[in-house]
Amino acid sequence: MNAGHSRLALVILAGAVLLSALAPWLATHDPRHAVPADQLAPPSREYLFGTDLLGRDVFSRTLYGGRRTLGVALLTVLITLLPGLVIGLVAGYGGRWLDTTLMMVMDALLAFPNLILALALIAVLGNGVMQVALAVGVAGIPAYARVTRAAVLEARALPFVEAARALGARPAAILWRHIVPTVAPPLLAFAGVTLSWAVLNGAALMFLGFGGDISAPDWGIMLADARASFRTAPWTALAPGVALSATVFAINLLAGALAEHPANR
Amino acid sequence: MATYVLRRLGAALVVAWLAMSAAFVVLRGLPGDAVDATLARAGASEAEVAAQRQRLGLADPLWQQYIHYVGGVVRGDLGRSLVSGQPVTEMIGQQMGATAALALGALTVGIALGLSLGLAGGLWPRSAAGGLAKAFASLALSTPVYWTATLAIYLFTVVLGLLPGTGGDGPRHLILPVMVLGFHTAGAIAQVTARSIREAATLPFVQTARAKGLPEAEVAYHILRVGLLPVVAVIALQLGFLLGGTVITETIFVRRGLGRLLLTAINTRDFPVIQGVVTLTALTYSLVNAVADLLYAQVDPRVRREG
């Protein structure tokens with residue numbers, strides 16, 4: 001992993017975010033407007049990436065799709081990170097009994113493969129954008145809590161933390177001034193991994209039809225729609241697939257670079 | 001070693017039991033199941049719905065239902081579908097073969113492909129083959145299954161006409177789904193293998209081996225003996241990805257299997273079926289990970305002493 005890789009990743013990510021944010025100005029058509037006469041039109045000057053089965057503009061849907069897909073992923077990451085951090089810190093720093101109990105619950109949840117847990121939660125929560133973010137977000141909590149706890153336990157054993165304790169610093173002060181800065185780099189790297197899962201699994205639940213509004217522009221939904229048309233009109237699957245893969249590729253590259261950063265070695 | 005085996009398997013069973021209980025609490029604790037949905041759609045009165053719930057034992061307090069459920073699980077009874085009334089174990093039995101074939105096939109492809117890519121990337125990180133292997137692995141980790149499956153069907157079925165695409169049950173229909181899911185399973189295996197081998201190559205004993213003049217092939221063998229250890233663990237963890245991946249793969253290739261059973265059950269809110277599939281998955285996953293830990297301890301005694 002070198003600086004060139006990180007720069008490439010940042011360029012791709014910035015591009016994806018910018019194109020999604022500017023969708024209302026860049027889009028050439030209404031992403032939901034169906035023109036039956038123009039269905040499955042190949043890419044042309046009028047429709048840059050062609051049209052889908054309902055005659056909607058794939059280019060505009062891909063731009064708007066980025067807003068929804070990336071927006072859901074960001075929300076998902078927040079839903080994972082905050083409780084995951086708190087549980088991990090409390091378990092790693094709160095004493096043996098709390099640690100054992102919390103980690104037992106986390107291990108029980110980790111017994112489910114990630115996507116299966118998200119699906120079980122969707123079964124209870126029902127369909128919708130918020131539901132997908134919540135299901136994928138909660139499914140990510142146990143892994144994040146475990147990684148946080150492991151980092152905290154490692155930091156607690158560091159000589160300067162032990163020295164601070166020996167000098168009689170208050171636990172809260174040790175936690176805030178010594179532990180948190182020490183565990184921040186590995187946790188940031190794992191946040192990158194979490195974001196990449198959030199994008200892939202969120203879009204997977206959308207693909208499987210749990211996103212509620214099925215006509216919404218969304219990379220997962222576009223790929224689901226494309227199942228009926230890609231044999232004769234491959235362009236319907238091309239743009240959302242490339243957008244999704246490039247974004248996840250860039251996130252993975254950055255997460256890898258963070259993990260190999262000197263602060264994490 | 002014997003105590004370690006018992007302790008590790010015991011821990012796996014406890015975790016699986018906790019997972020089952022978590023699934024029970026979450027899935028049964030909330031209102032609105034298939035009985036409500038199906039009967040209400042059929043125009044049944046509230047009294048009729050209540051009578052049906054009574055018959056199915058759904059009106060009992062939650063703890064009674066839980067004891068009843070656990071008792072059933074111990075006897076190998078996962079309850080009955082709220083929609084069809086069929087025993088859940090029977091429904092799972094009918095679908096398990098298709099999913100097991102897909103998962104085992106993909107696991108085989110994933111291990112073979114992942115190990116070869118990982119070896120290339122780990123032993124020759126600076127060569128073209130190593131670079132290509134790394135690029136391939138990161139592609140497998142970045143692209144979603146539901147997209148590569150679409151591309152694979154387009155290439156092998158539509159353009160080349162070599163393999164059947166969606167639908168169908170025969171062995172030829174298994175090839176594409178197995179290749180696609182195996183490709184994605186290989187990603188993480190390749191990455192961990194390459195990293196672990198590169199790290200093993202920096203250990204002091206490798207320098208010693210070179211210094212005393214061992215041929216490079218024998219040095220590589222020494223590196224591999226140490227570097228391949230963590231791969232067992234990552235393969236077991238990849239099974240989790242694989243079990244989730246079968247749901248998507250079965251959907252896109254329109255195949256029968258547990259994934260489809262689960263999705264149908266979610267859409268009809270058929271909680272006993274969801275619970276059965278989800279619990280079985282958790283049990284399989286935690287037992288496989290326990291066995292992987294045991295294998296690891298078998299080859300690396302340091303693990304037993306720590307555990």
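Restricting segment A:214-254 to residues that are among the hydroxyl-bearing types (Ser, Thr, Tyr) and part of a helix (DSSP H, G or I), which is nearest to the other protein chains (Cβ to nearest Cβ)? Of everything passing the filter in segment A:214-254, A:245 is nearest to the other protein chains (Cβ to nearest Cβ).
Filtering B:283, B:228 for residues that are hydrophobic (A, V, I, L, M, F, W, C) and under 30 Å from residue B:168 (Cα atoms) leaves a single hit, B:283. Taken together, the criteria exclude residue A:207 from residues that are within 11 Å of another protein chain (Cβ to nearest Cβ), over 14 Å from the mean Cα position of the chain (by Cα), over 19 Å from residue A:137 (Cβ atoms) and not aliphatic (A, V, I, L, M).
Scanning segment B:263-288 for residues that are more than 9 Å from every other protein chain (Cβ to nearest Cβ), under 19 Å from residue A:210 (Cα atoms) and either within 12 Å of the chain's Cα centre (by Cα) or open to solvent by 50 Å² or more (accessible area, probe 1.4 Å) (or both) yields B:264, B:268.
Within the option set A:161, A:193, A:180, being within 14 Å of chain B (Cβ to nearest Cβ) and of a type in the set (Val, Ile, Thr) holds for one residue only, A:193. Looking only at segment B:244-262, residues that are assigned to a helix (DSSP H, G or I), more than 8 Å from every other protein chain (Cβ to nearest Cβ) and open to solvent by less than 10 Å² (accessible area, probe 1.4 Å) come to 4 in all.
Summed over segment A:66-121, residues that are under 23 Å from the mean Cα position of the chain (by Cα) and away from chain B (no Cβ under 14 Å) total 22.
Selection within segment B:176-209: residues that are hydrophobic (A, V, I, L, M, F, W, C) and not in a helix (DSSP H, G or I). The member of this set that is farthest from the chain's Cα centre (by Cα) is B:203. Taking the criterion of being among the hydroxyl-bearing types (Ser, Thr, Tyr) and open to solvent by less than 70 Å² (accessible area, probe 1.4 Å), the residues of segment B:172-227 that qualify are B:185, B:193, B:196. Summed over segment B:138-171, residues that are of a type in the set (Phe, Trp, Tyr), at the interface with chain A (Cβ under 9 Å from one of its Cβ atoms) and open to solvent by 20 Å² or more (accessible area, probe 1.4 Å) total 2.
When you check residue A:124 against the structure, is it facing chain B (nearest Cβ under 8 Å) and farther than 25 Å from residue A:220 by Cα, yes or no? Against the criterion (facing chain B (nearest Cβ under 8 Å) and farther than 25 Å from residue A:220 by Cα), residue A:124 does not qualify. Only residues that are touching a helix residue (DSSP H, G or I) at 6+ places or on another chain (Cβ under 6 Å) and touching a residue at least 24 places away in the same chain (Cβ under 8 Å) were counted in segment A:217-234, giving 8.
In summary, helices (runs of 4 or more DSSP H) completely within segment A:1-109 and bearing 1 or more residues that are crowded, with 21+ Cβ neighbours inside 10 Å occur at A:3-21, A:58-93.
The values are calculated or read from the model by the stated rules, or taken from the named source; none is laboratory data. Just so it is clear, the model here is predicted, and its values are computed rather than measured. So basically every Cβ, Gly included, is an ideal-geometry build from the backbone, and we count neighbours across all protein chains shown. SASA here: full protein model, heavy atoms, side chains in, ligands and nucleic acids out. Shrake-Rupley method; radii C 1.70, N 1.55, O 1.52, S 1.80 Å.
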